[in-house]
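Student: Got a structure for you, written out below as structure tokens; questions coming shortly.
The values are calculated or read from the model by the stated rules, or taken from the named source; none is laboratory data. Here the structure is a predicted model, which is why all the values come from computation and not from measurement. All Cβ positions, even for glycine, are placed from backbone atoms using ideal geometry, and neighbour counts span all protein chains on display.
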Ligand SMILES: *Cc1c(COP(=O)(O)O)cnc(C)c1O
């Protein structure tokens, strides 16, 4: 520790370093970095919603320099800067050996939404979260990676619930100055402006750069003074407006994205379309090739050789379809730049190319113009091959060229601080300070075993199966410690929920504000459900047996309680009715106090819930889930899954590591499915979940429950990571064959 005061140069360097870290989303998965910003302004951290950039505006430069004169604080800051530099300059990444080809010619990954952190709310749901986690892992692995999306200046909507328990939406303007983004500038230091044709107009757009560790994501922004207002508003809201807005947003994303990359001199080796929204990028690639003298069929086959496509849902409404008139209108000028009859382009989006009335489908375009396509779980692969068999009528259905790579999550980004600190402590405690035997892969290198390197040491191991294998061992961590962790996490969630409900102004049926401590029981089995309120996810399914559920909730000896959260799409009234129903039950039924709905679901609420709940409930109407990822976030914190065998859970569940609702099959009719699933849910809840949770031994420990937690950590956590997933994408699809 330094004894003499820091010099002015040292202070300047530390302050500059912190400013740099705040503008790289790396800090969102560095516990140490977050603690520094939090310590600078603890209240600000809460009120500014964990925004590192805003904290550095809140704390003046002068204050920062004064605070850095505290040697203990200064040492921690310089340690964070050291970790950041080590991360950014690591020459021994996985890609260094395994994916050299992608360094000079990166993967260009196009997605209409990205979810990184609660301070940058430009994701609507799981698709965006997956894109964010994909980017973080691409950075960790050292893969050349550039993301493309839109800068929605009002982001995704904020949810409020009105007096009729009806979801209402409101929007707040994001201020780029307070966000971890920086403008992309030209040589003169002015915003770099690109132009493209949309409808009958030329539309100008600029871009914001988000640094995600070593990866970069560019967010396109049409809010330029030279544009007409309706074009400026193309980048107002995530999936905002009508189908005209939608097609124009997708033109900006796909066509504009390619134009921006070219302007920046980025030459991707592969264009990865995350869902059909981005598929217009193929038309820009075709246009480029024809401008360079290729004919249409050459341009198509060369474009196809550069593109990959991931489909994300079997739900019909999830596949954008635009009428021929709308295509004509939106592409009025762009189409003239492709020296081929527009009818030929329209065929690329049609199942039956001859049918002039068939709408133009983005998924069809993406499938026709990519060298490989994949679904996001094994079952989803099967369903997608059936769904798109019509495009490959000559092939047997098993040979429809859609494979699968099961989704994952970025572990460090999702593990709560409480959990991370425990592992860190465990791996640096005096009894365990040796380099853990068998942990590590050759690519992750050998690390010095001094204490300063310990955090990055364990953090680099967190994706390896060997790391999680230690959880099987009660010498590494005892049942008592795991149980203590679970109580700590549950309490943190309940205190968070109570504070949120207080802010929400939750009232009881008779109009009084609810008393803080009447809500939720810190000792009770806590079941969580939070995700988009798309109707196929069937949030209220568990309440089909209301009387039975009330009985379980009110059981004095073995109480059960429920925490719900989630947003319905602004135009989805059925989803809003689900929310209304659940909130109604929480206020007016006998579930009062045992069921709460937390408003305004987002990444932060998600992190609290997947860590604090004992059980993560998922009741999609099989096989519509595709993959699902929220249950993966639960696993690494000791929260057990209770789910329909759909998507990832069908692959993860092995009978010992959580709970399954029903069988690996589903009924034909929707009504029958709902009935059977709700009966099975009640059965497993009463026969397995509740007995196991409350089966305590003489020491008060539910040994078998904890055994399931251990099994979940050993068998699920290392398998369902984006570290594994991005490696699979790289080996199977990204690298040239
Ligand atoms: C993980 C996550 C999702 C996806 O949840 P699923 O249950 O997989 O649909 C959606 N929204 C947020 C904020 C998330 O963190």
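Student: Quick one: would you say residue 49 is within 16 Å of the ligand (Cβ to nearest atom) and in the same structural domain as residue 13 (by TED's automatic domain parsing)?
Tutor: The answer is yes for residue 49.
Student: Given (1) at pLDDT below 95; (2) within 16 Å of the ligand (Cβ to nearest atom), identify the lone condition not met by residue 519.
Tutor: Residue 519 satisfies all of (1) at pLDDT below 95; (2) within 16 Å of the ligand (Cβ to nearest atom) except (2).
Student: Name the single residue that is nearest to the ligand (Cβ to nearest atom) among those in segment 564-578 being in contact with a strand residue (DSSP E or B) (Cβ under 7 Å, 6 or more places away or on another chain), part of a loop (DSSP other than H, G, I, E, B) and touching a residue at least 60 places away in the same chain (Cβ under 8 Å).
Tutor: 567
Student: Let me ask you something else. In segment 138-171, what residues are under 27 Å from residue 259 (Cβ atoms) and part of a loop (DSSP other than H, G, I, E, B)?
Tutor: Listed by number, the residues that qualify are 143, 144, 151, 152, 153, 154, 155, 156.
Student: Sticking with this one: Going through 98, 91 one at a time, which residue ends up being on the phi < 0 side of the Ramachandran plot, surrounded by fewer than 21 Cβ atoms within 10 Å (Cβ to Cβ), away from the ligand (no atom under 16 Å from the Cβ) and without any contact (Cβ under 8 Å) to a residue 24 or more places away in the chain?
Tutor: Values: 98 fails: without any contact (Cβ under 8 Å) to a residue 24 or more places away in the chain.
The match here is 91.
Student: Of all the residues that make up segment 122-135, how many are within 11 Å of the ligand (Cβ to nearest atom) and within 9 Å of the chain's Cα centre (by Cα)?
Tutor: Going through segment 122-135 one residue at a time, the tally reaches 9.
Student: Name every residue in segment 155-172 that is out of contact with any strand residue (DSSP E or B) (no Cβ under 8 Å at 6 or more places or on another chain) and either without any contact (Cβ under 8 Å) to a residue 24 or more places away in the chain or assigned by TED's automatic domain parsing to the domain that holds residue 580 (or both), in order of residue number.
Tutor: 163
Student: May I ask you to say which residue of 719, 699 is crowded, with 17+ Cβ neighbours inside 10 Å and outside any helix (DSSP H, G or I)?
Tutor: Only one candidate passes the filter, namely 719.
Student: Could you please find all residues in segment 107-121 being over 8 Å from the mean Cα position of the chain (by Cα) and within 12 Å of the ligand (Cβ to nearest atom)?
Tutor: The answer is 113, 117, 118, 121.
Student: Collect the residues in segment 442-477 that are at pLDDT 90 or above and either loosely packed, with under 13 Cβ neighbours inside 10 Å or in contact with a strand residue (DSSP E or B) (Cβ under 7 Å, 6 or more places away or on another chain) (or both), keeping them in residue-number order.
Tutor: 463, 473, 475
Student: Which helices (runs of 4 or more DSSP H) does segment 24-75 wholly contain that include 1 or more residues that are within 20 Å of residue 217 (Cβ to Cβ)?
Tutor: 31-40, 52-58
Student: Kindly establish whether residue 226 is over 23 Å from residue 142 (Cβ atoms) and in contact with a strand residue (DSSP E or B) (Cβ under 6 Å, 6 or more places away or on another chain).
Tutor: Here the answer is yes, as residue 226 does meet what is asked.
Student: Can you tell me which of 581, 604 is within 16 Å of the ligand (Cβ to nearest atom) and either assigned to a strand (DSSP E or B) or at pLDDT 95 or above (or both)?
Tutor: 604 is the lone residue from the list that is within 16 Å of the ligand (Cβ to nearest atom) and either assigned to a strand (DSSP E or B) or at pLDDT 95 or above (or both).
Student: Still on this structure: Among (1) on the phi > 0 side of the Ramachandran plot; (2) surrounded by fewer than 21 Cβ atoms within 10 Å (Cβ to Cβ), which single condition is residue 142 missing?
Tutor: The single condition residue 142 does not satisfy is (2).
Student: Now for a different question. Suppose the filter is surrounded by fewer than 18 Cβ atoms within 10 Å (Cβ to Cβ), at pLDDT 95 or above and in a loop (DSSP other than H, G, I, E, B); does residue 332 pass it?
Tutor: On the way: surrounded by fewer than 18 Cβ atoms within 10 Å (Cβ to Cβ): yes; at pLDDT 95 or above: yes; in a loop (DSSP other than H, G, I, E, B): yes.
Yes, satisfied.
Student: I've got another one for you. Give the residue, chosen from 665, 678, that is more than 16 Å from the ligand (Cβ to nearest atom) and closer than 22 Å to residue 548 by Cβ.
Tutor: Details: 665 fails: closer than 22 Å to residue 548 by Cβ.
Result of the check over 665, 678: 678.
Student: Also, I was wondering about something else. Right, residue 673: over 18 Å from residue 656 (Cβ atoms), crowded, with 17+ Cβ neighbours inside 10 Å and in the same structural domain as residue 643 (by TED's automatic domain parsing) or not?
Tutor: Yes: the conditions hold for residue 673.
Student: Right, here's the next one. Could we say that residue 561 is in a strand (DSSP E or B), more than 16 Å from the ligand (Cβ to nearest atom) and touching a helix residue (DSSP H, G or I) at 6+ places or on another chain (Cβ under 7 Å) here?
Tutor: Considered against the rule, which asks whether it is in a strand (DSSP E or B), more than 16 Å from the ligand (Cβ to nearest atom) and touching a helix residue (DSSP H, G or I) at 6+ places or on another chain (Cβ under 7 Å), residue 561 comes out as yes.
Student: Considering 596, 610, which residue is within 15 Å of the ligand (Cβ to nearest atom), outside any loop (DSSP other than H, G, I, E, B) and either buried (at least 24 other Cβ atoms within 10 Å of the Cβ) or in the same structural domain as residue 648 (by TED's automatic domain parsing) (or both)?
Tutor: 610
Student: Next up: Which of the residues belonging to segment 1-30 are crowded, with 18+ Cβ neighbours inside 10 Å and either under 22 Å from the mean Cα position of the chain (by Cα) or free of Cβ contacts under 8 Å to residues at least 40 places away in the same chain (or both)?
Tutor: Hits for segment 1-30 are 21, 22, 23, 24, 25, 26, 27, 28, 29, 30.
Student: Counting just the residues of segment 628-661 that are part of a strand (DSSP E or B) and without any contact (Cβ under 8 Å) to a residue 60 or more places away in the chain, which one comes out nearest to the ligand (Cβ to nearest atom)?
Tutor: So the residue we want is 643.
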